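Beneath this line is the structure, given in structure tokens, with notes to follow.
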Amino acid sequence: MNLPNKLTLLRITLVPVFMVIVRLNYPYTDFIAAGIFILAALTDTLDGYLARQRCEVTRFGKLLDPLADKLLVSAALLVLVEGGRLEAWVAMIIIGREFAVTGLRAVAAAEGIIIAASPFGKLKTVFQIVAITALLLRNFPFSLWRLPLGSITMSMAVIFTIASGLDYFLRGRAI
């Protein structure tokens, strides 16, 4: 159990904490939930960086890290849909793509083929994190968040979600 794997487990542990906090109806709970979401998202960047830098990449981490990412984003999307901040069809595109790509990668791995993450996938993740954060902070008192930042970044997230999904399937078409 190395530090990168502990960070991945921390991310998974933060998911239910995030979901409880975001449902509370107290002043600034959106801000606190957004902070927890950002912290969890940052652990994704940090665990991968540390695993590569310290040569601590493990099978456990390779399996659990993408699962933790999907849990975090899916939980946030579901909370946003439930709270009326996001249309269900948007969440379904993103979650559906995650299931499809995970399935493709599992089939490829069974064939001994690794389908590496693409630049589209990295952009998708960045836009998803920014969009979810902006939608969580929609009632934040500063004027910056009054702009339709959540709608704009979520639109970009959907575009990159579709593009990265197509990219994965084009690269994995031989499978």
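Percentage of Cα-Cα pair distances in the range 1-85 greater than 20 Å, rounded to whole percent?
The calculated P(r) of the range 1-85 puts 35 percent of pairs beyond 20 Å.
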Among Glu82, Glu98, Glu111, whose mean-square fluctuation peaks in a Gaussian network model of the chain (Cα, cutoff 10 Å)?
Glu111
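What part of the accessible area of the chain, given as a whole %, is carbon or sulfur when the probe is 1.4 angstrom?
Details: 7010 of 9990 Å².
Percent of accessible area from carbon and sulfur atoms in the chain: 70.
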Helix-only estimate, please: 222 nm mean residue ellipticity of the chain, summing -39500 (n - 2.57) across DSSP H runs of length 4 or more and dividing by its residues, to the nearest 500.
-27000 deg cm²/dmol
Among Cys55, Ala163, Leu7, whose Cα sits farthest toward the positive end of the charge dipole of the chain (+1 at Cβ of Lys/Arg, -1 at Cβ of Asp/Glu, about the Cα centre)?
Cys55
Within the chain: Cβ-based charge dipole about Cα centre, in debye rounded to nearest 20 (Lys, Arg +1; Asp, Glu -1):
180
Where does the charge balance sit around Ser118 when Lys and Arg score +1, Asp and Glu -1, over other residues with C-beta under 11 Å from its C-beta?
+2
Between beta-carbons, use under 15 Å as the cut-off and find the net charge around Ala163, counting Lys and Arg +1, Asp and Glu -1.
+2
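The values are calculated or read from the model by the stated rules, or taken from the named source; none is laboratory data. The structure presented is a predicted model; accordingly, all values stated were derived computationally and were not measured. So basically every Cβ, Gly included, is an ideal-geometry build from the backbone, and we count neighbours across all protein chains shown. Heavy atoms of the whole protein, side chains included, go into the accessibility calculation; ligands, DNA and RNA do not. Shrake-Rupley method; radii C 1.70, N 1.55, O 1.52, S 1.80 Å.
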